[in-house]
1. Mind checking which helices (runs of 4 or more DSSP H) fall wholly inside region 133-227 and carry at least 1 residues that are surrounded by 15 or more Cβ atoms within 10 Å (Cβ to Cβ) and in contact (Cβ under 8 Å) with a residue 60 or more places away in the chain?
2. With the checklist (1) at pLDDT 90 or above; (2) outside the structural domain of L164 (by TED's automatic domain parsing); (3) of a type in the set (S, T, N, Q) in hand, flag the one item Q51 doesn't pass.
3. Could you list, in sequence order, all residues of region 152-166 that are farther than 19 Å from E129 by Cβ and among the basic types (K, R)?
4. Determine whether S270 is within 25 Å of the chain's Cα centre (by Cα), part of a helix (DSSP H, G or I) and closer than 30 Å to N376 by Cβ.
5. If you check M190 against the conditions, is it outside the structural domain of L133 (by TED's automatic domain parsing) and within 29 Å of G158 (Cβ to Cβ)?
6. Name the residue, out of S351, S308, that is outside the structural domain of D201 (by TED's automatic domain parsing) and either out of contact with any Gly (no Cβ under 6 Å at 6 or more places or on another chain) or surrounded by fewer than 17 Cβ atoms within 10 Å (Cβ to Cβ) (or both).
7. Taking region 330-373, which residues are modelled with pLDDT under 80 and either on the phi > 0 side of the Ramachandran plot or in a helix (DSSP H, G or I) (or both)?
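The values are calculated or read from the model by the stated rules, or taken from the named source; none is laboratory data. The structure presented is a predicted model; accordingly, all values stated were derived computationally and were not measured. Backbone-built Cβ (ideal geometry, glycine too); neighbour counts: all protein chains shown.
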Amino acid sequence: MKLLVLMLKNVRRNILRTILTSLGTIILVFVVTLVWSVLEFLDAATTEKSQNLKCIVTERWQIPSQMPFSYSKALEQFAWHGPNDEQPLDNMMTWQFYGGTIDPTKRTFDSVLFAIGLEPRKMFTMMDELDSLPPREKAELKAIADRMTEQRNGIIVGPGRLKLLKKQIGDTVKVTSFNYRGIDLEFEIMGTFPASVSRYDLSAAMNRDYLNNAMDAWARTNNKPHAMANKNMNLAWFRYPDREMFEQRADEIMNSVDFKDVPIKCETASSGISAFLEAYRDLLWGMRWLLCPAILFTLSLVIANAISISVRERQKELAVMKVLGFLPGQILILVLGEALALGILCGVVSSGGTFILVNKVFGGVAFPIAFFGAFNISPNALWWGPAVGGMTAFIGSFLPAWSARTVKVSEVFSKVT
C-alpha cells in the first residue's frame, strides 16, 4: 500500500511531463481503437456464416452489374420455400439502382438522391439491420412500406440524405436521373429509415414497380425500348438456411440455361464484400501490419523516454531509498508501477471516451463503402484501451525501471560534492 501511495505521488512529481505523456498516450490509443474497430468490423462482414446465409447474384463479367429484369422471374424458382414447400418465404429480392439529382441545373453532392428499387414488403426479411429492428421501429417502417406498395411513387430516404436535401417527410421531389436518361421520376417522401440503422443513412428505397412502369411508358411513347431495358436489374439476393442448400442452389443457378444471354455469378454476401474490398487490400494490410505496430512502438517510445528522464533525475533519491532499506525488486516495481498506472488510466480514458463519443454522441463514424454507411466502436475497445496502455507502458518502462533497480549507491554518492 505504501508503494502504491508513493507511485501516485511520483506520477505528480512533474505535472507538465505527466500531462504531455498522458496526451500522447490518449491520442495514440484513440487511433489504435479506431483502426482496430474498423478491422474488426470488416472481418465480421467478410466472415462466412454456416447458417442463415445470404447469397448475391450479379453479372459475371461486369461491374457495375447490369442484368435483364426478366431474370428476376427465372430466379424465383431458386428461392427457398421453407419446410415441405409450404408458403414461400420472403427470402429473395431484387435491387435496381436509380440515381439522380433534384437540381439538374447545379448538380452537387447535397442534391443527389440514390435509391434502391425493390419490393417494399421484403425489406424486413432481406435487408441487413432492417431484419432485426425492435418491434416498434419495425411496425413504423412496415406501415410506410405498405403505403409504398399501394402508392408506388413513395420513397423512404435515409436521415442523412434527407438533411442534405433540405427536405422533410411529406415533401414531393422530382429527380432527374443520371443512369436512366429520360426517366425522371417524382417521389413523395413517405418516411425515413430508423436512426439506429446507419447503413442506409445516405440512401433511399423506392418501389421497383414505379421505375419499371415508367420504363414501359417511355418505350410506348418513343416506340422503342429504353437503352437500359435489358440491363435494369443490378443484384438479386437470396437467403438460405445453411451452406449445403446454398451450394446446391448456386450450382443450379450457374448452370441454368435461363441465364446464358448475360452470364451471372452466385456467391455469398461475405464473398461479394471481400471481392469489393479487394481494391482496399493494400490499405487494410498496411493498417493492420504497419500502422498499428508503428503506433504501439511510438507509444512505447514515448513512455520509455518519459520514464528514463524521470529515473535520471531521481538517481540520488533512488540511492537514498536503497540506503533506507528498499530492495532492488521494490524499486523495480515502484518505477514500473508508475508507468503502468499512467498507461492503464490513459487507456481507459481514451478508449472509454472514444466509445461514448463515437457511439452515443455521433452515432457512428461514416464509412460509405459497400453499403456499410457507418460503423461503431467495438465494445472490445473498453478492454483494448487499458490493455494497450498497460502493455506499451510495461514494455517502454522496463529498461528504465531495470536501470533504477541497479543504481549503485557508492557511484551516486561519489559524485556528490
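1. Qualifying helices (runs of 4 or more DSSP H): 159-165, 208-222.
2. (1)
3. R152, K163, K166
4. Yes.
5. No: the conditions fail for M190.
6. When all the criteria are applied, what remains is S308.
7. Across region 330-373, the qualifying residues are G363, G364, A370, F371, G373.
Matching residues to (1) farther than 17 Å from F193 by Cβ; (2) modelled with pLDDT of 90 or more:
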residue	(1), (2)
D103	yes, yes
F114	no, yes
G117	no, yes
M123	no, no
L130	no, no
